[in-house]
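A.B. asks: First the structure, then my questions, so here it is.
The values are calculated or read from the model by the stated rules, or taken from the named source; none is laboratory data. All values derive from a computational prediction rather than experimental measurement. Ideal geometry is used to build each Cβ from the backbone, glycine not excepted, and the neighbour counts take in all protein chains shown. Ligands, DNA and RNA are stripped out before the accessible areas are found, and what is left, the full protein with its side chains, is counted by its heavy atoms. Shrake-Rupley method; radii C 1.70, N 1.55, O 1.52, S 1.80 Å.
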There are 2 protein chains.
Amino acid sequence: MELRHLTYFVAVAEELHFGRAAERLLVAQPSLSRQIRQLEDEVGVVLLERTSRRVELTAAGRSFLDHAVATLAQLEEGRIAARRTASGLAGQVRLGFVASVAVAVLPDLVAAHRRLRPEVTLDLREMTTEAQVPALVEGRIDVGLARDLEPVPGLCLQPVLREGLLVALPAGHALRARRRLRFAELRDQPFVTLPRDQVPRAWDRLWTLGRRAGFSPRTAQVALQYTTMLALVAADIGVAVVPESVRSLRSSGVRYVPIDDPDAESVILAVSREDECNPAVPGLLHLLDRDQLLDDTDITAT
Amino acid sequence: MELRHLTYFVAVAEELHFGRAAERLLVAQPSLSRQIRQLEDEVGVVLLERTSRRVELTAAGRSFLDHAVATLAQLEEGRIAARRTASGLAGQVRLGFVASVAVAVLPDLVAAHRRLRPEVTLDLREMTTEAQVPALVEGRIDVGLARDLEPVPGLCLQPVLREGLLVALPAGHALRARRRLRFAELRDQPFVTLPRDQVPRAWDRLWTLGRRAGFSPRTAQVALQYTTMLALVAADIGVAVVPESVRSLRSSGVRYVPIDDPDAESVILAVSREDECNPAVPGLLHLLDRDQLLDDTDITAT
DNA sequence: CAAATCGATAGCCTGGAGGCATCGATCCAG
DNA sequence: CTGGATCGATGCCTCCAGGCTATCGATTTG
């Protein structure tokens, strides 16, 4: 059996006339008759009751017709789906992201992407920058949203957002009213930090700031998530250094003051494979050009 | 595009190896390569990324693969459905039936049929014997369950049940305790009847009985349905002549006494076209052989 | 660097799809 | 009732396309 048999059969079933069906199919009537006969032999069932005066479907023919039409439709759908997938209009992107962008870049990105390419599903998985690199290389994710990553062979980095760093202070803190401050002024403060083994990059950032200011920041408490971190700050356990985008968490009882040091900044990057062939990826990366994404967002770039 | 392209593509997608796929398909590898190329040209999309070392699906290929598999499955399903329909195991039978069999033959018939051939749907339509004849001839129904029908050219009659007639009496009626009675004894009774214009056959039956007994039955009230009829009898409006199967309605306040006259009987018949080609019809008619149907029924034949 | 693996390409061959002519059955007009 | 028209089936021929063999070229491996 071939698709030809199906299209021929559907035509005859619709016309109930071999001559007209043949005309519509641009073949001669004898060819059509023979193909229908072959189809019946193949299925093992008489599909059409025909005399020289009248052609009509048998019960089996009606049943088969339904399936034939569905089959042809399914195939056409496959053709279209393949084209849409190849053009990046449909498909799937597995996106790894660091926790801190979940409150900043990610919601707008997902919303914009869903609006622009609703048939592309985003498979979101939170993972640290360190975990994203091997995941990309091994093909477990297609795009990563990372922080402060140095170039890696085979991977392509695209800066998305250059953020200043803020100090999160308890609402009653002595420094709360300052419009800005230098990190050295935090010499005696206890810090709420993220765990060094899981987020070494964030920890390094803090440690580097301290080294430049001439002291070693003292950790009062380790928190696993930014929300916890801010709750601890609000509870006066200590102060915390966070990227600017965390401000959008709007935790009550916490004041933010920008750090004035030149290297007090963090860069969010989109990371992808140089030889990526998933056609849905470019569309996502394009959205991450700052101008694309930040149109209707409340995060202000540095 | 032809089905060949789909099966070939599915094979390659599963093996991810042209050589092995070709072997499985019993064709030479170059043919397979060419067919896959044709398929890609046809769809307009690269489905497989291939080097001499490795073959893998593109995103579009994965998408198309899903549809290809579904298409082939759909087709196979159609083949099977056509065969089942042709063999009478699936399909549809439009069944006309007189109201009086709705309480007798029909429930058991439908239940047995559903049990034996669950894929054949019964399309039930209540209609009088008079309406069934043209409906059969014009092909609006496939089978009719009728009463007391004389042979009709082109139609095939099959007796299903030969029933005696009963008199339905109010519970307090003078004749209620009789084990049987002759119709002549009902000479002075008022009758509850079905409407003459809609059910002439039932009316004729009553009138014939009266003529043989030497009187004209007097209609006290006309009822449209057997349930109404029995309610009227229970309310002492009159007596009624009903086929034996109506007894299964078990209306309270009504007693039944058999009529002893030789022609006090009614025959339920299955009617079908002599040239019927709906393959699901024989299965239904076979169930209507008395031995088939009445195994687990409480209706007793005369 | 030689050998092996594997998909692509080239060229030939044949089966089968399509075309034309015609048959045979059926219906209808005169 | 008969000749013509209609329409699907059949027979035969042609030619394209799918399949085969041989070979190439790229890549990996020992």
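A.B. asks: Kindly provide the set of residues from region A:11-35 that are surrounded by 18 or more Cβ atoms within 10 Å (Cβ to Cβ) and either within 10 Å of DNA strand C (Cβ to nearest atom) or closer than 15 Å to A:D66 by Cα (or both), ordered by number.
C.D. replies: Pass one, region A:11-35, residues surrounded by 18 or more Cβ atoms within 10 Å (Cβ to Cβ): A:11-13, A:18, A:21-22, A:25, A:32, A:35.
Within region A:11-35, A:A11, A:V12, A:A13, A:A22, A:L25, A:L32, A:Q35 meet the criteria.
A.B. asks: Also, quick follow-up: May I ask you to list pairs of residues, at least six apart or on different chains, whose Cβ atoms are under 6 Å apart, with the first in region A:1-16 being small (G, A, S) and the second being buried (at least 20 other Cβ atoms within 10 Å of the Cβ)?
C.D. replies: Matching pairs, first to second residue: A:A11/A:A21; A:A13/A:L65.
A.B. asks: Let me ask another. Exactly one of (1) in contact with a Lys or Arg (Cβ under 9 Å, 6 or more places away or on another chain); (2) more than 11 Å from chain B (Cβ to nearest Cβ) is unmet by A:V55. Its number?
C.D. replies: All conditions are met except number (1).
A.B. asks: For A:V27, work out the one condition from (1) among the hydrophobic types (A, V, I, L, M, F, W, C); (2) outside the structural domain of A:E276 (by TED's automatic domain parsing); (3) part of a helix (DSSP H, G or I) it doesn't fulfil.
C.D. replies: (3)
A.B. asks: Still on this structure: Could you check, for region A:13-33, whether at least one of its residues is within 24 Å of B:V93 (Cβ to Cβ), more than 8 Å from DNA strand D (Cβ to nearest atom), out of contact with any Cys (no Cβ under 9 Å at 6 or more places or on another chain) and of a type outside the set (K, R)?
C.D. replies: Scanning region A:13-33 turns up at least one residue that is within 24 Å of B:V93 (Cβ to Cβ), more than 8 Å from DNA strand D (Cβ to nearest atom), out of contact with any Cys (no Cβ under 9 Å at 6 or more places or on another chain) and of a type outside the set (K, R).
A.B. asks: Additional query: Exactly one of these conditions fails for A:T71: (1) touching a strand residue (DSSP E or B) at 6+ places or on another chain (Cβ under 9 Å); (2) buried (at least 22 other Cβ atoms within 10 Å of the Cβ). Give me its number.
C.D. replies: (1) is the only condition that A:T71 fails.
A.B. asks: So A:Q92 ticks every box in (1) within 9 Å of chain B (Cβ to nearest Cβ); (2) surrounded by 20 or more Cβ atoms within 10 Å (Cβ to Cβ); (3) touching a residue at least 12 places away in the same chain (Cβ under 8 Å) but one. Which box is left unticked?
C.D. replies: (2)
A.B. asks: Let me ask something additional. Count, please, the residues in region B:141-152 that happen to be in contact with a helix residue (DSSP H, G or I) (Cβ under 8 Å, 6 or more places away or on another chain) and not in a strand (DSSP E or B). Full working, then the answer.
C.D. replies: Residues of region B:141-152 in contact with a helix residue (DSSP H, G or I) (Cβ under 8 Å, 6 or more places away or on another chain): B:141-149, B:152.
This time we only want the ones that are not in a strand (DSSP E or B), so: B:141-142, B:148-149, B:152.
Summing the residues that are in contact with a helix residue (DSSP H, G or I) (Cβ under 8 Å, 6 or more places away or on another chain) and not in a strand (DSSP E or B) in region B:141-152 gives 5.
A.B. asks: Applying the selection to region A:234-260, what residues are more than 32 Å from the chain's Cα centre (by Cα) and more than 16 Å from A:A202 (Cα to Cα)?
C.D. replies: Listed by number, the residues that qualify are A:A234, A:A235, A:D236, A:I237, A:G238, A:G253, A:R255, A:V257, A:D260.
A.B. asks: Give me the residue from region B:118-146 that is of a type in the set (A, V, I, L, M, F, W, C) and over 18 Å from B:V101 (Cβ atoms) and, out of that set, least open to solvent (accessible area, probe 1.4 Å). I'd like the intermediate steps shown before the answer.
C.D. replies: Applying the first criterion (of a type in the set (A, V, I, L, M, F, W, C)) to region B:118-146 yields B:120, B:122, B:124, B:127, B:131, B:133, B:135-137, B:141, B:143, B:145-146.
Next, from what is left, pick out any that are over 18 Å from B:V101 (Cβ atoms): B:120, B:137.
Details: B:V120: 10, B:V137: 91 Å².
Within region B:118-146, the match that is least open to solvent (accessible area, probe 1.4 Å) is B:V120.
A.B. asks: Looking at region B:153-176, is at least one residue assigned to a helix (DSSP H, G or I) and of a type in the set (D, E)?
C.D. replies: Taking region B:153-176 first, the residues assigned to a helix (DSSP H, G or I) are none.
Taking every residue of region B:153-176 in turn, none turns out to be assigned to a helix (DSSP H, G or I) and of a type in the set (D, E).
A.B. asks: Just to check your reading of the model, which residue among A:V10, A:V43, A:V55 is assigned by TED's automatic domain parsing to the domain that holds A:L75 and touching a His at 6+ places or on another chain (Cβ under 7 Å)?
C.D. replies: Values: A:V10 fails: touching a His at 6+ places or on another chain (Cβ under 7 Å); A:V43 fails: touching a His at 6+ places or on another chain (Cβ under 7 Å).
Unique residue meeting the criteria: A:V55.
A.B. asks: Answer with yes or no whether B:D108 is buried (at least 17 other Cβ atoms within 10 Å of the Cβ) and out of contact with any strand residue (DSSP E or B) (no Cβ under 8 Å at 6 or more places or on another chain). Even if it seems obvious, please write down each step before you answer.
C.D. replies: Values: buried (at least 17 other Cβ atoms within 10 Å of the Cβ): yes; out of contact with any strand residue (DSSP E or B) (no Cβ under 8 Å at 6 or more places or on another chain): yes.
Answer is yes for this residue.
A.B. asks: Give A:G253, A:G238 a once-over and let me know the one that is out of contact with any Phe, Trp or Tyr (no Cβ under 7 Å at 6 or more places or on another chain) and small (G, A, S).
C.D. replies: Working: A:G238 fails: out of contact with any Phe, Trp or Tyr (no Cβ under 7 Å at 6 or more places or on another chain).
So the residue among A:G253, A:G238 that is out of contact with any Phe, Trp or Tyr (no Cβ under 7 Å at 6 or more places or on another chain) and small (G, A, S) is A:G253.
A.B. asks: A further question on this structure: How about region A:58-72: which of its residues are part of a helix (DSSP H, G or I) and facing chain B (nearest Cβ under 7 Å)? Break it down stepwise before answering.
C.D. replies: Within region A:58-72, the first condition is being part of a helix (DSSP H, G or I), and the residues that meet it are A:59-72.
Across region A:58-72, the qualifying residues are A:A59, A:A60, A:S63, A:F64, A:H67, A:A68, A:A70, A:T71.
A.B. asks: So, one more: For B:D66, are the conditions met, namely being open to solvent by less than 80 Å² (accessible area, probe 1.4 Å), within 29 Å of A:G44 (Cα to Cα) and within 46 Å of the chain's Cα centre (by Cα)?
C.D. replies: Working: open to solvent by less than 80 Å² (accessible area, probe 1.4 Å): no; within 29 Å of A:G44 (Cα to Cα): yes; within 46 Å of the chain's Cα centre (by Cα): yes.
The answer is no for B:D66.
A.B. asks: Within region A:5-31, work out how many residues are away from chain B (no Cβ under 14 Å), within 24 Å of B:T85 (Cα to Cα) and not aromatic (F, W, Y). Working first, answer last.
C.D. replies: Step one: of region A:5-31, the residues away from chain B (no Cβ under 14 Å) are A:11-12, A:14-31.
Okay, now just the ones that are also within 24 Å of B:T85 (Cα to Cα), so A:11-12, A:14-18.
From what's left, not aromatic (F, W, Y): A:11-12, A:14-17.
So the count comes out to 6.
A.B. asks: Ok, one more. Pairs please, first residue from region A:147-173 and open to solvent by less than 10 Å² (accessible area, probe 1.4 Å), second anywhere and among the aromatic types (F, W, Y), Cβ atoms under 6 Å, 6+ apart in sequence or on different chains.
C.D. replies: Correct list of pairs: A:L166/A:Y256; A:A168/A:Y256.
A.B. asks: Further, regarding this structure: Filter region B:36-45 down to the residues that are within 12 Å of another protein chain (Cβ to nearest Cβ) and buried (at least 16 other Cβ atoms within 10 Å of the Cβ), then identify the one that is nearest to DNA strand C (Cβ to nearest atom).
C.D. replies: Looking at the filtered set, the residue picked out is B:E40.
A.B. asks: Sticking with this one: Going through B:R84, B:R50 one at a time, which residue ends up being open to solvent by 70 Å² or more (accessible area, probe 1.4 Å) and within 15 Å of DNA strand D (Cβ to nearest atom)? Steps first, please.
C.D. replies: On the way: B:R84 fails: within 15 Å of DNA strand D (Cβ to nearest atom).
Criteria check complete, one pass: B:R50.
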